[in-house]
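As structure tokens, the structure follows; a few thoughts come after it.
The values are calculated or read from the model by the stated rules, or taken from the named source; none is laboratory data. Source: prediction; values computed, not measured. Heads up, the Cβs are rebuilt from the backbone with ideal geometry, glycines too, and the neighbour counts pull from every protein chain shown. For accessibility, only protein heavy atoms count, side chains too; no ligands or nucleic acids. Shrake-Rupley method; radii C 1.70, N 1.55, O 1.52, S 1.80 Å.
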Amino acid sequence: MEKANVLWFSEIRKKDVGQVGGKSASLGEMYSLLVPKGINIPSGFSTTAHAYLSFLKYNGFDKKLKEIFSDFNPKDLTNLQDTGRKARNLLLSGKFPLDLEKDILEAYKKLCQEYGDDADVAVRSSATAEDLPSASFAGQHETYLNVKGEKKLLEAVLKSYSSLFTDRAISYRHEKGFKQLEVYLASCVQKMVRSDLASSGIMFTIDTETGFRDVVHISSIFGIGELIVKGRITPDDFYVFKPTLKKGFRPIIIRNLGRKTKKYVYGSQAGLKEAGVSEKDQARFSLSEDEVLTLAKWGCMIEDHYNYPQDIEWAKDGKTGKLFVVQSRPETVHSLSKARVYEEYDIKTQTKPVLTGIAIGEKIGSGKARVILDTRKMKEFKEGEVLVTKMTDPDWNSIMVKASAIITDEGGKTCHSAIISRELGIPCIVGTKEATRKLKTGMKATVDCTQLKGRVFSGLIPFKVKKYNLDEIPDLPTKIMLNLGTPESAFKSSFLPVSGVGLAREEFIIAEKIKIHPLALIHFNKIKSKLSREEIKEIEDLTRGYKNKVEFFINELAEGISQIGAAFYPKPVIVRFSDFKTNEYRHLIGGKHFEGEENNPMLGFRGACRYIAPSFRPAFELECLAVKKAREEYGLTNISVMVPFCRTIEEGKKTREIMKELKLDGLKVYVMCEIPSNVILIDEFLKIFDGMSIGSNDLTQLVLGLDRDNSGLAHIGNENNEAVKELIRKVIKKCNEKGKYCGICGQAPSDYPEFARFLMEEGIESISLNPDTVIKTILSISNKLG
């Protein structure tokens, strides 16, 4: 085998990286061992490192390459480009040894016998130092698609040989410490999947932003998948939760419809061409639910086989309707991290960002901006500058490594800029749409990727970074849990040393993800004539891809809840039903048609009295169905629920009856303790509910008789007031006596460490804190205890 010019996938295993390179070795391993288990992989063959070396020797290129690299200076961009160009031109001038040409063509003929005359193939460059856990070389070498016929195949193999010396590959080898002429190249020849007639994309068996390992992230577009990497369109995104997927559930916990306006299809003779996507297709997902789940299962199988998170390329054949895996490599960013370190960034500014986009990397960077619209201008880029461009491809890698941050007009979470910046550990904001227009070369900029949206500020904004070794955080006798409202922060927050989520708020999911009043969705056809054109357009745009508008609300809420539930699974997650006030509901799209105006919404139509009111009950039922979906369809049985602002025993009973009618059962149901009546009638409330979570904000204002929104009275409204503490003592004691849950999810423990210590001394079961105060509060309390 070591002297063979060509090896079939069936003859190759992962140990053969030195012979056939990373891509071919992985394809051979999967074709031989995972196809029998049900994963579809197109057949093919690979040339070998021996074939490459014989090609060099036959043409005398081995000596000439040494001469070309004799004065190579990787720090000089002009030198790097000249060296790469000379090496590529040299290899392109070569001829194949007769035996190598014969072996390639005979293998192609055999492939044509299986798939038909002039079979269309993909020719991928597979380097012997590629797709390693410590170095992916993703996108460094060239791939040639829709290659047909013997002549075109030989041309593509020759071009793939020359791509070993692209500027980006030379630069990457230097960065990773590989000797330039001791990495060899094989050409992987694989039957094309007709994804030009269907869809294709990328799949990671890990969350690429946070390193959270329990999800599979699938990106999908129509046509051939090159446009995803180029970042020119926003793909459909799906996240599937692995633990319950393996138990037989259907946990697609996130699905986002992309803006798929373009696609790559076959060219008239060979290669690819760009085509438009119809408006009908733009409004639908490019994969069905069953297909998403099939791919996710395959991703889990491949990860389990390699015992390592994977970066996978897949394609759907439009002729047969079958899905295929066409490549898999190790994920190289989070997989290498062994230290349990949690970083907190502290940036304080009243300045409004000049630009926003999709945040990549959860870091902050700053420096002078340099806008580059043409690769010929890359020589002007200086170490430590902020790179601003329309989009990047692998040719930009040589300067990306020098950047303090990267900002692009186009791209999504799996585009080239995002992938490489993660690997380099550089903050990056993609999809800003207008960075190259708004930012000017020379202006100072701060790039903040630590929030839900990436933010670009004018000027150098000071910031601090605090790193905590999670293995050194002490345990406390009381459970520490989280208050969490944003699903997007859940995966990162899951690394905090907590026992689950004591309060997951629905309000943020409804306000930021759904944005529409639930009754406006339920009664859309009835009130359509009362809505403005802008409101109708917003509703239609937001509900694209759904059969009906009620389904949109249920699914979007279920997904938001499930993202939090999955992040902490199997730890408990307590989801509080919506606690919007009337004025907040009015701000949702269509809300003014269903909400009146109240003088004091804080004490008005909110919480349990809403749920049981005939006018609002249909909306509450949607909330119940969303929780039911998260638990029963996605398998997230760690989710329980909580009823807020329940004034009377009757309200509590009627709320439970509605849940029972909807068969939302088998879960814990808690009540917020935030009204004096909850304490006075605690025995009766605990007959209805499985425990209480103290809402110290509302309880304080109602005990002390003040309006917590009145800043002039803020000094009075302190939870350390003895009257408030006396009621809390009673609640904790009574819950403990009855063996019922008692926690606190109000703001006070996050603001006052001494109040948190008081709760612990009284024997409370759990204290829920805001994510940014968890570690600080634990350290403060433990120091006092010690």
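Couple of notes before you dig in:
- Complete set of residues in the stretch 581-606 that are of a type in the set (D, E, K, R) and either surrounded by fewer than 16 Cβ atoms within 10 Å (Cβ to Cβ) or touching a residue at least 40 places away in the same chain (Cβ under 8 Å) (or both): E584, E595, E597, E598
- Scanning the stretch 530-544 for residues that are open to solvent by 20 Å² or more (accessible area, probe 1.4 Å) and either outside any loop (DSSP other than H, G, I, E, B) or more than 20 Å from H517 (Cβ to Cβ) (or both) returns K530, R533, E534, E535, I536, K537, E538, E540, D541, L542.
- Residue within the stretch 637-644 that is assigned to a loop (DSSP other than H, G, I, E, B) and under 30 Å from V216 (Cβ atoms) present: yes
- Applying the condition of being assigned to a helix (DSSP H, G or I) and farther than 14 Å from L759 by Cα to the stretch 712-732 and asking which residue is modelled with the highest pLDDT yields A723.
- Flag if K628 is in contact (Cβ under 8 Å) with a residue 40 or more places away in the chain and out of contact with any Pro (no Cβ under 9 Å at 6 or more places or on another chain): no
- A search for C-beta distances below 7 Å between a residue of the stretch 691-705 that is on the phi > 0 side of the Ramachandran plot and any residue that is open to solvent by less than 10 Å² (accessible area, probe 1.4 Å) and not in a helix (DSSP H, G or I), counting only pairs 6+ apart in sequence or on different chains, returns G691/C742.
- Condition check for T320: part of a loop (DSSP other than H, G, I, E, B) and open to solvent by less than 50 Å² (accessible area, probe 1.4 Å): no
- For the stretch 170-216, the candidate set comprises residues that are without any contact (Cβ under 8 Å) to a residue 60 or more places away in the chain and open to solvent by less than 20 Å² (accessible area, probe 1.4 Å); within that set, the residue that is nearest to the chain's Cα centre (by Cα) is R173.
- Whether a residue is over 17 Å from the mean Cα position of the chain (by Cα), under 18 Å from F463 (Cα atoms) and surrounded by fewer than 24 Cβ atoms within 10 Å (Cβ to Cβ) was assessed, and T351 passes this test.
Condition check ((1) touching a strand residue (DSSP E or B) at 6+ places or on another chain (Cβ under 9 Å); (2) open to solvent by less than 30 Å² (accessible area, probe 1.4 Å); (3) touching a residue at least 12 places away in the same chain (Cβ under 8 Å); (4) part of a helix (DSSP H, G or I)) across all residues:
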{"position": "E488", "(1), (2), (3), (4)": "no, no, yes, yes"}
{"position": "F491", "(1), (2), (3), (4)": "yes, yes, yes, yes"}
{"position": "F495", "(1), (2), (3), (4)": "yes, no, yes, no"}
{"position": "V498", "(1), (2), (3), (4)": "yes, yes, yes, no"}
{"position": "G502", "(1), (2), (3), (4)": "yes, yes, yes, no"}
{"position": "E507", "(1), (2), (3), (4)": "yes, yes, yes, yes"}
{"position": "A511", "(1), (2), (3), (4)": "no, no, yes, yes"}
{"position": "L519", "(1), (2), (3), (4)": "no, yes, yes, yes"}
{"position": "I527", "(1), (2), (3), (4)": "no, yes, yes, yes"}
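- Residue check, T294 of a type in the set (V, I, T), open to solvent by 40 Å² or more (accessible area, probe 1.4 Å) and under 26 Å from S26 (Cβ atoms): yes
- Check on R124, closer than 30 Å to I399 by Cβ, part of a helix (DSSP H, G or I), in contact (Cβ under 8 Å) with a residue 12 or more places away in the chain and open to solvent by 10 Å² or more (accessible area, probe 1.4 Å): no
- Of note, S578 satisfies the criterion of being open to solvent by less than 10 Å² (accessible area, probe 1.4 Å), modelled with pLDDT of 95 or more, assigned to a loop (DSSP other than H, G, I, E, B) and among the hydroxyl-bearing types (S, T, Y).
- Selection status of F45, assigned to a helix (DSSP H, G or I), open to solvent by less than 10 Å² (accessible area, probe 1.4 Å), closer than 30 Å to Q113 by Cα and at pLDDT 95 or above: no
- Restricting the stretch 355-377 to residues that are without any contact (Cβ under 8 Å) to a residue 60 or more places away in the chain and within 22 Å of E423 (Cβ to Cβ), the residue that is surrounded by the most Cβ atoms within 10 Å (Cβ to Cβ): I372
- The selection criterion, being under 30 Å from K151 (Cα atoms), in contact with a Cys (Cβ under 8 Å, 6 or more places away or on another chain), β-branched (V, I, T) and touching a residue at least 60 places away in the same chain (Cβ under 8 Å), holds for V229.
- Residue that is modelled with the highest pLDDT, among those in the stretch 297-317 that are open to solvent by 40 Å² or more (accessible area, probe 1.4 Å) and in a loop (DSSP other than H, G, I, E, B): N307
- Just one residue in the set Y31, Y58 is modelled with pLDDT of 95 or more, open to solvent by 40 Å² or more (accessible area, probe 1.4 Å), aromatic (F, W, Y) and within 25 Å of A119 (Cβ to Cβ); that residue is Y31.
- Answer residue from the stretch 400-426, given it is out of contact with any Ser or Thr (no Cβ under 9 Å at 6 or more places or on another chain) and closer than 24 Å to N79 by Cβ and is modelled with the highest pLDDT among those: K402
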